[in-house]
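So the structure is just underneath, and the comments pick up after that.
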Amino acid sequence: MTVFANVDLESDPEAHRYIKNEIVTVTFAKLPGEVTSREGPNRYSVGDALITGSTGDGWSVTRARFDAKYLPEPPLVHGQDGKYRNKAIPVLAKQVHTVFAVARSAGGDLLRGRAGDWLMQYAPGDYGIVEDAKFRKVYRLAPTN
């Protein structure tokens with residue numbers, strides 16, 4: 001298994017910028033806990049976003065990261081449980097053709113990907129894994145300037 005550590009997809013010629021377009025269902029955690037996603041554990045704190053994606057998969061996002069990346073679907077008010085759409089912020093991604101793992105952040109939960117899944121870099125030191133079928137459903141190449 002390939003384990004990615006301190007990877008920077010910015011300098012990887014196989015990586016490209018993509019934009020996600022997905023409406024998700026969100027509840028805000030009232031107690032700390034853990035969501036087990038297909039890729040591994042996602043620990044969360046009080047106030048973090050617990051997300052169910054359009055394909056039924058679940059994960060958590062820290063509140064600060066959620067607030068920066070998601071908008072409520074009208075008439076919902078930001079911070080209420082309900083439907084949200086991600087902002088059109090380009091992220092780096094590359095498809096990995098072997099079994100692999102990556103920590104969500106330094107010292108964070110270790111996620112495990114299957115051959116064909118996508119390694120995501122949301123920001124320096126901020127990683128994720130997206131299953132190929134879901135990636136193809138909700139991500140598109142970002143326009144180049």
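Bear in mind these aren't lab numbers, they're just calculated from the coordinates by the rules spelled out. Computed from a prediction, not measured in an experiment: that's the story for all the values here. Neighbour counts are summed over all protein chains in view; Cβ atoms, including those assigned to glycine, are modelled from backbone coordinates with ideal geometry.
Here's how it looks for residue 129: its modeled amide H is under 5 Å from those of 120, which are all 5 or more places away or on a different chain. Summarising the amide proton neighbourhood of residue 40: residues at separation of 5 or more, or on other chains, whose placed amide H is nearer than 5 Å comprise 112. Taking Cβ atoms as reference points and 13 Å as the exclusive limit, the residues near residue 6 contribute a net charge of -4, counting Lys and Arg as +1 and Asp and Glu as -1. For residue 134, the aspartates and glutamates whose Cα comes closer than 17 Å to its Cα, not counting residues fewer than 8 places off in the same chain, are 22, 39, 57, 117. Of (1) 12.9; (2) 7.8; (3) 8.6, which is the value of mean projected area of the Cα convex hull in nm² derived from the coordinates here? Identified label for the calculated read-out: (3).
For the chain, what is the calculated [θ] at 222 nm in deg cm²/dmol (nearest 500), taking -39500 (n - 2.57) for each run of four or more DSSP H residues and dividing by its residue count?
Numbers: 2 runs with 14 residues, N = 145.
Per the formula, -2500 deg cm²/dmol.
With K and R counted +1 and D and E -1, the other residues having a Cβ less than 10 Å from that of residue 94 yield a net charge of -2. Measuring between their Cα centroids, region 71-145 and region 25-39 lie 16 Å from each other. 3J(HN,Hα) couplings calculated from phi for region 92-107 with the Karplus curve 6.51 cos²θ - 1.76 cosθ + 1.60 (θ = phi - 60°) are, in sequence order, 8, 8, 8, 7, 10, 9, 9, 5, 8, 9, 7, 7, 4, 7, 4, x Hz; Gly and Pro show x.
Distant-in-sequence amide contacts of residue 116, defined by a placed amide H-H separation under 5 Å and a gap of 5 or more residues or a different chain, comprise 96, 97, 98.
Sequence-distant contacts, meaning Cα pairs under 8 Å at least 6 residues apart, place the relative contact order of the chain at 28 percent.
Can you count the Lys pairs in region 1-113 with C-alpha separation below 16 Å, eight or more apart or on different chains? Mind showing how you got there, number by number?
Numbers: 20/69; 20/83; 20/87; 20/94; 69/83; 69/87.
Lysine pairs meeting the criterion: 6.
Within the chain, DSSP assigns beta bridges of which about 95% are antiparallel (rounded to the nearest 5). Within the shell of other residues whose beta carbon sits under 11 angstrom from the beta carbon of residue 142, the net charge comes to +3, with Lys and Arg scored +1 and Asp and Glu -1. Across region 73-81, rounded Karplus estimates of 3J(HN,Hα) from the backbone phi angles (6.51 cos²θ - 1.76 cosθ + 1.60, θ = phi - 60°) give 7, x, x, 4, 9, 4, x, 8, 5 Hz, Gly and Pro being marked x. Between the DSSP loop rule and a limit of at most 15 other Cβ atoms within 10 Å, which trypsin sites (Lys or Arg not before Pro) in region 7-105 are left? Sites meeting the loop and neighbour criteria: 30, 87.
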